[in-house]
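Below is one structure, written out as structure tokens, with a few remarks after it.
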Amino acid sequence: MTAADGYLDDAITDFSRRLVDVDGVVKTVYVAGSGPAVVLMPEMPGISPDVLRLARWVRDAGFTVHVPSLFGVDGAYPTAEAGEKTVRRACVSAEFRAFAGGGTSPVTVWLRGLARRAHAECGGPGVGVIGLCFTGNFALTMAMEPAVIAPVVNHPSLPFDDPAGLEISDEDARAVRDRIARDGLKVLAYRFDDDRWCTGRRFAAYRALLGDAFDGRVLPGSSANTEPPPFFRDVVGTPHSVVTAHLVDEEGHPTRQARDEILAFLTERLSLSEGSGTTTG
């Protein structure tokens, strides 16, 4: 299927499509690869071709990648009009908490269940999780699940109305901090320096919560892809998606280096032996 401006949607033919039931809630999950599990959550406005490109890189690095469908049209090229509609629907959905004061998004309970199932199926020392944009902070709250041992928080945009806020309840923040301190987890994170949706104040809030466990890396906005899909050009309107829409796939480029660092982080954490000091429960 061809998008209006000539770009192609992604048919997702190289992934298996599963219906996953967690406590009676059923969602579609696209799965590919072999090895330890990595849950890759989509960014707005959905499982785009760029998100799937990242998923394939994760798969090819030696992991079983699980991409849950949380919003939008799976595989669709991100147009501005359709993307805006998806954002509006998500902001009023009971599954998400897009604004300050809402606490943790309820959908993270389902995502933690997906991580448990993926770990049971794939084995290994634990599960990696990657959040992007709207789902960026979900990678942190998923660390409440003992199976999650490699959380990657990319350009977290929630809450929309508080640039210094974190999309997490006080109770869950304490639980995450305790889990990270107890098990020695590290949280890898990325943003562009001039991103208005994920600001330096937000990264400062992460560091205040997590201390040295938070490895927040900042790329120059000038390195972002200058020709992203229309949703990112016209709606997002700022360098934002470090390893998807704003990635430049060229040798030595800062965004591709960020991708390589994420894959190396997953490889290091998910290759640990059971006796190496990181626990899964």
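The values are calculated or read from the model by the stated rules, or taken from the named source; none is laboratory data. Just so it is clear, the structure is predicted and the values come from calculations on it, not from any experiment. In this analysis, Cβ positions are derived from the backbone assuming ideal geometry, glycine residues included, and neighbour counts consider all displayed protein chains. Just the protein is used for accessible areas: all its heavy atoms, side chains included, with ligands, DNA and RNA removed. Shrake-Rupley method; radii C 1.70, N 1.55, O 1.52, S 1.80 Å.
Filter the range 18-45 for residues that are buried (at least 19 other Cβ atoms within 10 Å of the Cβ) and in contact with a helix residue (DSSP H, G or I) (Cβ under 6 Å, 6 or more places away or on another chain) and give the result.
Ala32, Gly33, Pro36, Ala37, Val38, Val39, Leu40, Met41, Pro42, Glu43, Met44, Pro45
Regarding Asp172, is this residue over 25 Å from Met144 (Cα atoms), touching a residue at least 24 places away in the same chain (Cβ under 8 Å) and either touching a Leu at 6+ places or on another chain (Cβ under 9 Å) or not aromatic (Phe, Trp, Tyr) (or both)?
No, not satisfied.
Does Asp215 satisfy the criteria of being at pLDDT 95 or above and within 28 Å of Pro36 (Cα to Cα)?
Considered against the rule, which asks whether it is at pLDDT 95 or above and within 28 Å of Pro36 (Cα to Cα), Asp215 comes out as yes.
Would you be able to say whether some residue in the range 53-65 is out of contact with any Lys or Arg (no Cβ under 7 Å at 6 or more places or on another chain), within 16 Å of Leu8 (Cα to Cα) and surrounded by fewer than 24 Cβ atoms within 10 Å (Cβ to Cβ)?
Yes, because at least one residue in the range 53-65 is out of contact with any Lys or Arg (no Cβ under 7 Å at 6 or more places or on another chain), within 16 Å of Leu8 (Cα to Cα) and surrounded by fewer than 24 Cβ atoms within 10 Å (Cβ to Cβ).
Considering only the range 210-244, how many residues are in contact with an Asp or Glu (Cβ under 8 Å, 6 or more places away or on another chain), surrounded by fewer than 20 Cβ atoms within 10 Å (Cβ to Cβ) and polar (S, T, N, Q)?
Count: 1.
So which residues in the range 149-181 are over 22 Å from Arg269 (Cα atoms) and polar (S, T, N, Q), if there are any at all?
Matches in the range 149-181: Ser157, Ser169.
Specify which of the listed residues (Ala150, Ala120) is of a type in the set (A, V, I, L, M) and either touching a residue at least 40 places away in the same chain (Cβ under 8 Å) or part of a loop (DSSP other than H, G, I, E, B) (or both).
That would be Ala150, the only listed residue that is of a type in the set (A, V, I, L, M) and either touching a residue at least 40 places away in the same chain (Cβ under 8 Å) or part of a loop (DSSP other than H, G, I, E, B) (or both).
With respect to Thr79, is the statement that it is in contact with a helix residue (DSSP H, G or I) (Cβ under 9 Å, 6 or more places away or on another chain), in contact (Cβ under 8 Å) with a residue 40 or more places away in the chain and on the phi < 0 side of the Ramachandran plot true?
Yes: the conditions hold for Thr79.
Quick test for you: out of Gly126, Gly102, Gly113, pick the one residue that is in contact (Cβ under 8 Å) with a residue 24 or more places away in the chain and open to solvent by 10 Å² or more (accessible area, probe 1.4 Å).
Gly102
Quick one: which of Arg191, Arg207, Arg174 is open to solvent by 10 Å² or more (accessible area, probe 1.4 Å), in a strand (DSSP E or B) and under 19 Å from Pro159 (Cβ atoms)?
Arg191
Taking Tyr77 and the conditions (1) under 15 Å from Glu43 (Cα atoms); (2) modelled with pLDDT under 95, which numbered condition does it fall short on, given that it satisfies the others?
Single failed check for Tyr77: (2).
When you go through (1) closer than 29 Å to Pro230 by Cβ; (2) of a type outside the set (Asp, Glu); (3) touching a Pro at 6+ places or on another chain (Cβ under 9 Å) one by one for Trp110, which number turns out not to apply?
(1)
How many of the residues in the range 234-254 are within 17 Å of Asp195 (Cβ to Cβ) and either without any contact (Cβ under 8 Å) to a residue 24 or more places away in the chain or assigned to a loop (DSSP other than H, G, I, E, B) (or both)?
Final tally of qualifying residues: 12.
Among the residues that make up the range 255-266, is at least one of them in a helix (DSSP H, G or I), more than 22 Å from Asn137 (Cα to Cα), touching a residue at least 60 places away in the same chain (Cβ under 8 Å) and open to solvent by less than 40 Å² (accessible area, probe 1.4 Å)?
Within the range 255-266, not a single residue is in a helix (DSSP H, G or I), more than 22 Å from Asn137 (Cα to Cα), touching a residue at least 60 places away in the same chain (Cβ under 8 Å) and open to solvent by less than 40 Å² (accessible area, probe 1.4 Å).
For Gly83, all conditions in the list (1) open to solvent by less than 20 Å² (accessible area, probe 1.4 Å); (2) within 18 Å of Val67 (Cα to Cα); (3) of a type outside the set (Lys, Arg) hold save one; what is the number of the exception?
Among (1) open to solvent by less than 20 Å² (accessible area, probe 1.4 Å); (2) within 18 Å of Val67 (Cα to Cα); (3) of a type outside the set (Lys, Arg), the lone unmet condition for Gly83 is (2).
Out of curiosity, is Arg53 at pLDDT 95 or above and in contact with a Phe, Trp or Tyr (Cβ under 8 Å, 6 or more places away or on another chain)?
Taking the combined requirement at face value, the residue does not satisfy it.
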